[in-house]
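Some notes on the structure that comes next.
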Amino acid sequence: MVAIIDYGVGNLFSLSASFRAIGTEVTVTSDPDVIRSADRIILPGVGAFEDAAKKLRASGLDVVVCEEAKRGKPILGICLGMQLLFEKSFEYGEHEGLGLIPGSVRPIADVIPKELKIPHIGWNALHFKGEKNPIFKYVNEGDCVYFVHSYYAADCEEAVCATAEYGAELTAAVFCGNVYGCQFHPEKSGETGLSILRAFCETEG
Amino acid sequence: MITKRIIPCLDVRDGRVVKGVNFKDLNDVSSPVELARFYSENGADELVFYDITASAEGRRLFTDILCETAKSVFIPLTVGGGINTTDDFDRVLKCGADKVSVNSGAIRNPNLIYEAAKLYGDQCVVLSADVKRVGGVFRVFAKGGRENTGMEAIEWIKKCVSLGAGEVVVNSIDTDGVKGGFDLEMLDAVCNAVNVPVIASGGAGKSQDFITLFKTLPKVDAGLAASIFHFGEVAISDLKKEMKESRIPTRI
């Protein structure tokens, strides 16, 4: 069973529907015991980093996520949920993340040409880095996924397993042991996105 | 490289797609759920559901349809029509919409854009503007293009973006329904005024019109159309192949 962590950030309708569509049992929960008993954990998130990090800590679920990550349970952070996995973010100040993946989150504006629009929004191609990550086992180099973000994961070269080109190479996906993250929205990326969720559900725990 | 988006628009009244559609492969051509799935499987990058219902019962049917669609279609969904308050945003976002477009509701109360952007983020708020030339000036029209608001369109669009609109749909009343191509002059003026994604609407009659649009105005992010897709005059899969052959960044 996959547990989608509900800590009051964003709408989890499409995310839970996408797991049902691939035939995976899923529950949206804020119950630590349910999260502990799940086979896999999804950390979602939209909005601002500081607000989301505060809500996650206030719920006490940050501790549960970190404990489960250390026990080796597969965890996938999506969009802002991926950004929360890092040590810190420079979105409106400096804020601490979960620190499960070394690196920081920085404004896209720092690295792309001025004439490009922010947020980076729309369908963009995935370019794999290093050995193909297990979550991409059904995906081909150049397949497109749907992005919406104004900040990106930086200083994390070792963790990057896919990038997208938008005036610069932006981090699209990361992993560190059993902890995975997608900057894009697999639940909004058509068949390609569903196949990434399917592959995540097949990773070794 | 970010790809250019192709967006079919579905007008829904009382839970059914209007402007009768005509596809051999579809059993129920007026089922929004089936049509949405069909478009998604055939290369649409995003879908717009436009609620043209007037009654409360029709509105309830619309949100049911939206939920049903979001359970089986996994591409971005934008919803428009009858959005006047942040409660309206909440109602459709809970059913799986990703973005909400405002038109007359923002004309009546521009602050709606600011309030919604603060609650749900800029990326969630789409300004839809119906624009027509009057005496050589671009004017904003309300009530489905029937009423001249007197507002100059470029200033209006700039104002809405500064309030938090994260995308702009420009629907040219002058080219809408003519099928002679998009309104390049109007779109160019909008692209030069704002730095958020611009979605072209009104005037597409054939694949070449989309290619001309993206070649002439590289700043335009997406092309939206309704009847030419519904009537099968342009198949999205063919259109995208042609775009790719013309070296336009395209998701196949």
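Take the Cα of B:ALA193, step 7 Å toward its Cβ, do the same at A:ARG20, and the gap between the two points is 4.3 nm.
Overall dimensions of region A:24-131, expressed as equivalent-ellipsoid semi-axes from the Cα gyration tensor (√(5λ), whole Å, largest first), are 27, 17, 13. Put a plus charge on the Cβ of each Lys and Arg, a minus charge on the Cβ of each Asp and Glu, and nothing anywhere else: the dipole of chain B about its Cα centre is then about 240 debye.
The listed peptides B:200-213, A:3-16, ordered by packing as a protection proxy, come out as B:200-213, A:3-16 (highest mean of other Cβ atoms within 10 Å first).
Here region A:2-201 is treated as a Stokes sphere of Kirkwood radius computed over C-alpha pairs; at 4 °C and 1.567 mPa s its diffusion coefficient rounds to 78 µm²/s.
Distance between Cα centroids, region B:133-159 to region A:49-98: provide it in whole Å. For region B:133-159 versus region A:49-98, the Cα centre distance is 45 Å. Legend: distances between Cα atoms for A:LYS55/B:LYS99; B:LYS143/B:LYS206; A:LYS55/A:LYS132; pairs beyond 31 Å are A:LYS55/A:LYS132. Cβ crowding within 10 Å ranks B:LEU184, B:LEU119 as B:LEU119, B:LEU184, fewest other Cβ atoms first. The three principal axes of the C-alpha atoms in the protein assembly as shown carry coordinate ranges of 68, 47, 44 Å, sorted with the longest axis first.
Note on A:MET1 and A:CYS66: the model spin-label points, each 7 Å out from Cα along the C-beta direction, lie 2.6 nm apart. Ranking A:ILE5, A:LEU61, A:VAL34 by how far each Cα lies toward the positive end of the dipole of region A:2-201 (charges on Cβ) leaves A:VAL34 at the top.
Would you kindly state how much longer the chain becomes between B:ASN42 and B:SER246 on full extension, computed as 0.36 nm times their sequence separation minus their alpha carbon distance, in nm to one decimal? Don't skip to the answer; put the middle values down first.
Details: separation 204, 0.36 × 204 = 73.44 nm, distance 1.94 nm.
Full extension of this stretch gives 71.5 nm more.
Here is the list for region A:132-205: GluC sites (Glu not before Pro) lying in DSSP coil, each with at most 15 other C-beta atoms within 10 angstrom of its C-beta, are A:GLU141, A:GLU202, A:GLU204.
Given R₀ = 41 Å, what would the calculated FRET efficiency be for B:THR85 paired with A:HIS127, taking r from the Cβ atoms and rounding to 0.05?
0.45
The numbers here are math on the coordinates, done by the rules we state, and not lab data. None of these values were measured; they are calculated from a predicted model. Note that each Cβ is placed from the backbone with ideal geometry, even for glycine, and that neighbours are counted across all protein chains shown.
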